[in-house]
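Comments concern the structure below.
What follows draws every value from the coordinates through simple rules; no lab data is involved. Keep in mind it's a predicted model, so treat the numbers as computed, not measured. Cβ coordinates were reconstructed from backbone atoms using ideal geometry, including for glycine residues, and neighbour counts include every protein chain displayed.
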Amino acid sequence: MNFSNRLGMLGTYLFAEIDRAKREAKKAGKDVIDLGIGDPDMPTPDFIIESMCKAVRDPVNHRYAMDQGLPELREAIADWYYRRLRVKLDPEKEVLPLIGSKEGIAHLPFAVNNPGDVNLVPSPCYPPYKNASILAGAQVFELPLLEENGFLPDLGNIPTEMLQKAKLLFLNYPNNPTSAVADYEFFTRVLALAEKYDFIVVQDMAYSEIVYDGYRAISILEVDKEKRRSVEFHSLSKTYNMTGWRLGWVCGNQEVISALAKFKSNIDSGIFQAIQLAGITALKDGDEFIARMQQVYKGRRDVLVEGLRSIGFDVSSPKATFYVWMRIGGSSIDFAKRVLEEAHIICTPGIGFGKSGEGYVRFALTLGEERLEEAVDRLRKIV
Ligand SMILES: *Cc1c(COP(=O)(O)O)cnc(C)c1O
């Protein structure tokens, strides 16, 4: 049978061998420490679950939801953005709830790209930026994120021809997988380039609340005050341990948002209303929970970073995200395979996030401190 040519253009799956080794280790009864997953291990907090239970019993919520999300949800998002990120949003025109941010990120290229367009995509990156661009028929030009540039793209190094054809530039700060952060000055330079070459900046802020040591993540909309050139994706997944619930949003430039809303109105029929109501509760009453969660991840970060340093790895302590990105030199797949076979620890090979991720591995802080200590002890024995 003949399937979509564009599906065939997506990169091959790199982790087949590691997945097999993982299954074998588990089958053999090995005590596997899985630091590969970017998914919080802790449950959704009770106050959100209570809100959901109430909403799910109300028949009003059993019907098709509104495509654009409940007005109350859009208002709660705007209030949250102002309170936490100092950005004012018009809830009616500048906010669009999504069935998880991945859904919106993946549909955006279909709403904006035409044949001949180039999308500028960082390498390494969260895979949907690249794959959705390919599926929508855009050409992808990769921007390497190098350690010597603080894992920010080198804006002066993008060929003029690519800038002229560019339609979307994807950014993700705080960053998965490198855990790097961006400052005001960087966003200012990005937006000047977007203005000059007439493209849209898509900033993914899924990790805005996973921050440490007093660091505050900056929204690109704090810089692009008139929302001329940018949209920002956000999600309840990481902030409230709600990855399975599927609730996120995009905010910013209203033309881009209405194009995405129009596209989506042909694909889905809104978000289950009970989930929207639980999301409102999370956004309104979740600030204390966020502060506690930050302390938990901070404890884990310190255990893993200090442990890795004590056995000779040169690793920097992230200011944000629940990832530790570690330079290992050499093949990241070989390293991950060896660590799995000899220490029964799972980490993610950097090359899975793009060519420029080679030479690094990612550890997720999604297990408790004791398991992280155990992981360090096991690594100590094999390095
Ligand atoms: C986890 C994650 C998301 C969240 O996706 P949802 O679809 O909202 O669960 C978005 N972007 C990045 C970079 C992520 O790591």
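For Ser235, what is the net charge nearby, where nearby means another residue's Cβ is under 14 Å from its Cβ and Lys, Arg count +1, Asp, Glu -1?
Taking every Cβ under 14 Å from that of Ser235, the sum is -1.
Within the set of other residues whose C-beta is less than 14 Å from the C-beta of Lys319, count the net charge using Lys and Arg as +1 and Asp and Glu as -1.
-1
Return the whole-Å distance between the Cα centroid of the range 309-383 and the Cα centroid of the range 175-238.
The range 309-383 and the range 175-238 have Cα centres spaced 27 Å from each other.
With an 8 Å cut-off on Cα pairs and a minimum separation of 6 or more residues, tell me the relative contact order of the range 33-182 in percent.
Worked out over the range 33-182, it gives 17 percent.
Restricting to Cα pairs below 8 Å that are 6+ residues apart, what does the relative contact order work out to for the range 101-180? Please round to a whole percent.
Computed value for the range 101-180: 35 percent relative contact order.
Full extension from Arg63 to Glu373: what is 0.36 nm times the residue separation minus their Cα-Cα distance, to one decimal in nm?
106.8 nm
Have a look at Ile99, Asn61, Ala136 and report the one farthest towards the positive end of the charge dipole of the range 46-285, computed about the Cα centre with Cβ charges (Lys/Arg +1, Asp/Glu -1).
Asn61
Charges only on Cβ, +1 for Lys and Arg, -1 for Asp and Glu: so what's the dipole of the chain about the Cα centre, in debye to the nearest 20?
For this selection, approximately 540 debye.
Rounded, prolate or oblate: pick one for the range 122-163, where a ≥ b ≥ c are the square roots of the eigenvalues of its C-alpha gyration tensor, a/c under 1.5 means rounded, and failing that, prolate if a/b is larger than b/c, else oblate.
Taking the square roots of the gyration eigenvalues as a ≥ b ≥ c, the range 122-163 is oblate.
For each pair in Lys130/Lys355; Lys30/Lys337; Lys26/Lys102; Lys88/Lys227; Lys26/Lys337; Lys93/Lys227, compute the distance between the two Cα atoms and list the pairs where it is over 18 Å.
Result: Lys26/Lys102 exceed 18 Å.
If you take every DSSP beta bridge fully contained in the chain, what fraction is antiparallel? Give it as a percent rounded to 5.
Counting DSSP beta bridges with both partners in the chain, the antiparallel share is about 50 percent.
Quick check: residue separation of Asn114 and Asp213 times 0.36 nm, minus the Cα distance between them. What number comes out in nm?
Roughly 31.3 nm would be gained on extension.
For the chain, restrict the atom set to alpha-carbon positions and state the Rg and Dmax in Å.
Radius of gyration, then largest Cα-Cα span, for the chain: 20.9, 59 Å.
Using Cα pairs closer than 8 Å and at least 6 residues apart in sequence, work out the relative contact order for the chain, in percent.
24 percent
For labels at Glu288 and Arg228 in the simple 7 Å Cα→Cβ model, what's the distance in nm?
4.4 nm
Length gain on complete extension for the stretch Arg6 to Ser258, per 0.36 nm per residue less the alpha carbon to alpha carbon distance?
Extending this stretch completely gives an extra 88.1 nm.
Apply the Karplus parameterisation 6.51 cos²θ - 1.76 cosθ + 1.60, with θ equal to phi minus 60°, to every residue of the range 344-349 and state each ³J(HN,Hα) to the nearest whole Hz, in sequence, with x for glycine and proline.
6, 10, 9, 10, 9, x
What ranking do 52-59, 7-14, 22-29 get when scored by the average of other Cβ atoms within 10 Å per residue, highest first?
Going from most to least packed, we get 52-59, 22-29, 7-14.
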